[in-house]
Amino acid sequence: MASSVVQILLSNVIMETQIEALTVFKEFACKQDDVDDEFVSHLVQQFISKLRKEFKSPKTKCVTVGRQKRNRSAYSLFIQYLMKDEDFKNKADNGKMLMTQAVQMWKSLDESVRERMNILHKQKPHLSGKELYESVTISTQ
């Protein structure tokens, strides 16, 4: 989102700089003895109006402020599930090592279980980590 804002601001600054350059040119040209002031003013005004008319702000997505649902992997959903699970928290050796132990738990799962969780997550991305894990482990028993 920050890059979108920067793009829009930069685009507007470039347009304003072009308008300012045309205005400076008009002032310079009008000070010359052999230049028709009205013609130069009219010409520069035409350029400025055309520039404003044809100016297009960069196309950006509108981003709502607040929490948005992110597309997480089965791995991250499983880790998140373990981090919230009270039984897992109570069994964990140390609260500081909770994340490490959750990752170790993922690694200790059978490869086929992890693969089925990934496949199920792709088929049903709305499922939580707990639902994914329980669906896969119940079907293997």
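Every read-out reported here was derived from the displayed coordinates using simple, explicitly stated rules and does not represent laboratory data. Given the structure is predicted, the values throughout are model-derived calculations rather than measurements. Note: ideal-geometry Cβ built from the backbone for every residue, glycine included; neighbour counts use all protein chains shown.
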**Dipole of region 2-54 [Lys/Arg +1, Asp/Glu -1 at C-beta], most positive-end residue of Leu9, Leu43, Leu22** = Leu9
**Request:** Under a cut-off of 14 Å between alpha-carbon atoms, report the aspartates and glutamates in cross-link reach of Lys130, not counting same-chain residues fewer than 8 places apart.
**Result:** Asp85, Glu86, Asp87
**Message:** Could you tell me the calculated FRET efficiency between Met99 and Gln7, based on Cβ-Cβ distance and R0 = 35 angstrom, to the nearest 0.05?
**Reply:** 0.45
